[in-house]
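Colleague: Here you go, one structure.
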2 protein chains.
Amino acid sequence: MAARWHACVDIGGTKVAVSLADATADPSGPPLLHHRLSEPTVKSGPPEALSLQVLRLIDAACAGAGGTGAQVAAVGVSSCGPFVKPQGLIELAAPNICAGLGARSAGQPNDWTSLPMQAPLEDAFPLVRIENDCLAALRAERRWGALQGLDHCAYVTWSTGIGTGLCVDGHLLQGKNGNAGHAGHMFVSDDESALCGCGNVGDVEALVSGSAIARRFGLDAATLMAAARAGDTLALQQVDALCRVLGRALYNLVVTLDLQRISIGGSVFLRQQDLLLPRLRAQITGRLASLTDGFELVAAGLGDSVADCAAAALVV
Amino acid sequence: MAARWHACVDIGGTKVAVSLADATADPSGPPLLHHRLSEPTVKSGPPEALSLQVLRLIDAACAGAGGTGAQVAAVGVSSCGPFVKPQGLIELAAPNICAGLGARSAGQPNDWTSLPMQAPLEDAFPLVRIENDCLAALRAERRWGALQGLDHCAYVTWSTGIGTGLCVDGHLLQGKNGNAGHAGHMFVSDDESALCGCGNVGDVEALVSGSAIARRFGLDAATLMAAARAGDTLALQQVDALCRVLGRALYNLVVTLDLQRISIGGSVFLRQQDLLLPRLRAQITGRLASLTDGFELVAAGLGDSVADCAAAALVV
């Protein structure tokens, strides 16, 4: 059967989404993704459960489009990290999925420390590319979004977790195991009231991620932001405090890497950018002019589709 | 007159050092530097004062070696940063020298915001290379020191200021204005008791640099460390607190860049490495295994000569 599609897989701490791009599509513009399916990320069962979920969703998307998985030419997987390669093949060791990494006390229903992904997908498809979700989103934003033409830039997601993809001197940073960009695990304050899925206490992700907001304040991010908008003083203080923490992390990236622009996406941020963007910028603007002059903090140019386009950027 | 020497210039917040390397020396090993002269960094007079000091020291070193400045083939300048290029040529905008950047209240005797360096040196010598001191030291450590053969590594100085040079995927990070590596200006805690030369309150350099130790505790770093060694409980708590701050900054670099090794130099660190190294390592070891497993924190392989070798690495 002739190859018809690229399968684009976005694995996050909350949901897994699969969509299809036509294998013959023009690669110069953002891909037209179709037959998208999304489910809550599987977090129980054997460690193979997540890759089985991905395989099932790809087959279902192809069936929805009137075909089969055999018509998939390539699979791009954009996933939260970090990754490990215990057998030379990529497995996910993501604190937002694998409770065995330290978050048992946060009530995740598994004791996983890593999840096979490259091996089961390569058994099923001729070409598989798996990359950190923020690095893949950085590719998408540089190709089709808010980071076009920039050699010194980063993509940051403010979602279930906090992640970054980094580009300096036109080079996408990979690091010794391809895990560069886990700046969500930076420490930027002394607040030790929150446990991260990675086992640390008080890192950025522990304090401000979507799952952290729910754990710390007992309500989801959207509800907190709505209360702040409605004039609730405590909620507004909490939003200010969240933006102080993430804004300091962004500032740390600017002075460490001398960036031109950071684009931000993720479900927590994109729904509330008018509230959050000025507060994040306030942590950067006016500080250490030789590093911050000429720097811009912007919303993801690809908006809500940045995560799907991230997966597509790996194969289209 | 035939070219006989490379002039190697180290500009720091406390001293300026000039030494000579023979232009015909074997570049495979660390250079044999000779006729070294060192003076306190000039911090008063017109903004040209510092470049005049450098020119005078180069001439004096050549005279000491029985020649003249006309016999210098190339000048390598390893300087604390950041740099700016208001006229397209490098000027120094270093918070540890230029009090006009924010540190007036710290009592520096000038209102400089930047100092010309590239233009006056290029007027005097046929070839001039000026680079951030930690980036130059990173080159030296990768070539002759503790970072040989490593593609994911950093050099960190703990001296009058705090600086870093960063290498990821074999690429030395430069950034939009060549100022990548100013990670000493990261925020890693909520301590707002100390003002940095850059104008910020409570960044890493404000809390732990050599000049910060003197300002905050009223005694120099060596005296503080000696008291800690002698069992002074308060001094030991202060040393622990310093190492917590700098160690968190190092951890932030490891998770952001997925590094294999960091080597540390600088006058504060190198004289006290047996006291400081275990305390710094304690902030990294055992955290987020997928990033820190296989990572090493070590003392600069070039030891006390790392700063001079840094300048040499630019021209030898």
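Colleague: With both partners inside the protein assembly as shown, how many of the DSSP beta bridges are antiparallel, as a percent to the nearest 5?
Modeller: In the protein assembly as shown, approximately 55 percent of DSSP beta bridges are antiparallel ones.
Colleague: Roughly what % of DSSP beta bridges within chain B run antiparallel, to the nearest 5?
Modeller: So the antiparallel bridges in chain B amount to around 55 percent.
Colleague: May I ask you to list the residues of segment B:219-262 whose amide nitrogen lies under 18 Å from a point 7 Å from Cα along the Cα→beta-carbon direction of B:Thr285?
Modeller: It comes to B:240-241, B:243-252, B:254-255, B:260-262, nothing else.
Colleague: In terms of modelled amide H atoms, which long-range or inter-chain residues lie less than 5 Å from the amide H of A:Phe83?
Modeller: A:Ala93
Colleague: Here is a further query. Between B:Gln237 and B:Leu275, what is the spin-label point distance in nm, taking each point 7 Å from the Cα along the Cα→C-beta axis?
Modeller: Calculated label separation equals 1.7 nm.
Colleague: Can you list, shortest first in nanometers, how far B:Asp304 lies from the same residue in the other copies, with each label 7 Å from Cα toward Cβ?
Modeller: 6.6
Colleague: Taking the Cα-to-Cβ direction at B:Arg56 and at B:Asp293 and moving 7 Å from each Cα, how far apart do the two end points lie in nm?
Modeller: 5.8
Colleague: What's the average, rounded to a whole number, of partner chain beta-carbon atoms within 10 Å of each residue's beta-carbon in B:159-169?
Modeller: Per-residue shielding by partner chains comes out at 2.
Colleague: Any aspartates and glutamates with Cα under 17 Å of the B:Lys43 Cα? List them, leaving off those in the same chain fewer than 8 positions away.
Modeller: Within reach: B:Asp10, B:Glu91, B:Asp111.
Colleague: Can you grab the distance from the C-alpha centre of segment A:274-316 to the C-alpha centre of segment B:78-144, Å, no decimals?
Modeller: 30
Colleague: Run the paramagnetic zone check for A:His171: 7 angstrom along Cα to Cβ, then residues of segment B:302-316 with backbone nitrogen under 18 Å.
Modeller: Residues B:314 fall inside that zone.
Colleague: Put a point 7 Å out from Cα along the line to Cβ at B:Asp293; what are the distances to that point in the other copies, in nm, shortest first?
Modeller: Here the equivalent label points are 4.6 nm apart from this one.
Colleague: What are the residues of segment B:258-289 that lose 10 Å² or more of accessible area, with a 1.4 Å probe, going from their chain alone to all protein chains?
Modeller: Buried by 10 Å² or more upon assembly, which counts only protein chains, are B:Asp258, B:Gln260, B:Arg287, B:Leu288.
Colleague: Continuing with the same structure: Please report the antiparallel percentage of DSSP beta bridges with both residues in segment A:72-200, rounded to the nearest 5.
Modeller: Of the beta bridges lying entirely in segment A:72-200, close to 70 percent run antiparallel.
Colleague: Something else: So if I place +1 on the C-beta of Lys and Arg and -1 on the C-beta of Asp and Glu, and nothing else carries charge, what would the dipole magnitude of the protein assembly as shown be about its Cα centre? I want it in debye, nearest 20.
Modeller: 300
Colleague: Could you report the buried accessible area between B and A, both sides summed, computed with a 1.4 Å probe and given in Å² to the nearest 100?
Modeller: The B and A chains share an interface burying roughly 3600 Å².
Colleague: Alpha carbon centre of segment B:192-264 versus segment A:1-68: separation in Å?
Modeller: Using only Cα atoms, the two centres lie 49 Å from each other.
Colleague: Rolling a 1.4 Å sphere over the protein heavy atoms, what is the accessible area per residue of chain A, to the nearest Å²?
Modeller: Normalised by residue count, the accessible surface of chain A is 35 Å².
Colleague: On the accessible surface of the protein assembly as shown, probed at 1.4 Å, how many percent belong to carbon and sulfur atoms?
Modeller: That fraction is 51 percent.
Colleague: What list of ³J(HN,Hα) couplings, whole Hz, do you get for segment A:215-222 from phi and the Karplus terms 6.51, -1.76, 1.60, once you set θ to phi - 60° and write x for glycine and proline?
Modeller: Per-residue couplings from phi come out as 5, 6, 10, x, 8, 6, 4, 5 Hz.
Colleague: Taking 7 Å along the Cα-to-C-beta vector as the label spot, tell me the A:Lys15-A:Val201 distance in nanometres, rounded to one decimal.
Modeller: Spacing of the two 7 Å Cα→Cβ label points: 3.5 nm.
Colleague: Also: Where does the protein assembly as shown land at 222 nm, in deg cm²/dmol rounded to the nearest 500, when only DSSP H runs of n ≥ 4 count, each adding -39500 (n - 2.57), divided by all residues?
Modeller: Result for the protein assembly as shown, helices only: -10000 deg cm²/dmol.
Colleague: Give the whole-number value, in cubic angstrom per residue, of the convex hull volume spanned by the C-alpha atoms of chain A.
Modeller: Hull volume over Cα atoms, normalised by residue count, gives 127 Å³.
Colleague: Can you find, among B:Thr157, B:Leu52, B:Ala99, the residue farthest towards the positive end of the dipole of segment B:25-160? Put +1 on the C-beta of Lys and Arg, -1 on that of Asp and Glu.
Modeller: My answer, from the dipole projection, is B:Thr157.
Colleague: While we're looking at this one, here's another question. Measuring from a point 7 Å out along Cα→Cβ, what nm distances, shortest first, does B:Gln87 have to its partners in the other copies?
Modeller: Reported distances to equivalent positions: 6.5 nm.
Colleague: For chain A, what is the charge dipole size about the Cα centre, in debye to the nearest 20, if Lys and Arg each add +1 at the Cβ and Asp and Glu each add -1 at the Cβ?
Modeller: Its charge dipole is roughly 200 debye.
Colleague: Which parts of segment A:269-308 would a label at A:Arg229 reach, counting a residue when its backbone N lies under 15 Å from a point 7 Å out along Cα-to-Cβ?
Modeller: A:269-278
The values are calculated or read from the model by the stated rules, or taken from the named source; none is laboratory data. Everything numeric here is computed off the predicted structure, so don't read it as measured data. Note: ideal-geometry Cβ built from the backbone for every residue, glycine included; neighbour counts use all protein chains shown. These accessible areas exclude ligands, DNA and RNA; they are computed on the full protein's heavy atoms, side chains included. Shrake-Rupley method; radii C 1.70, N 1.55, O 1.52, S 1.80 Å.
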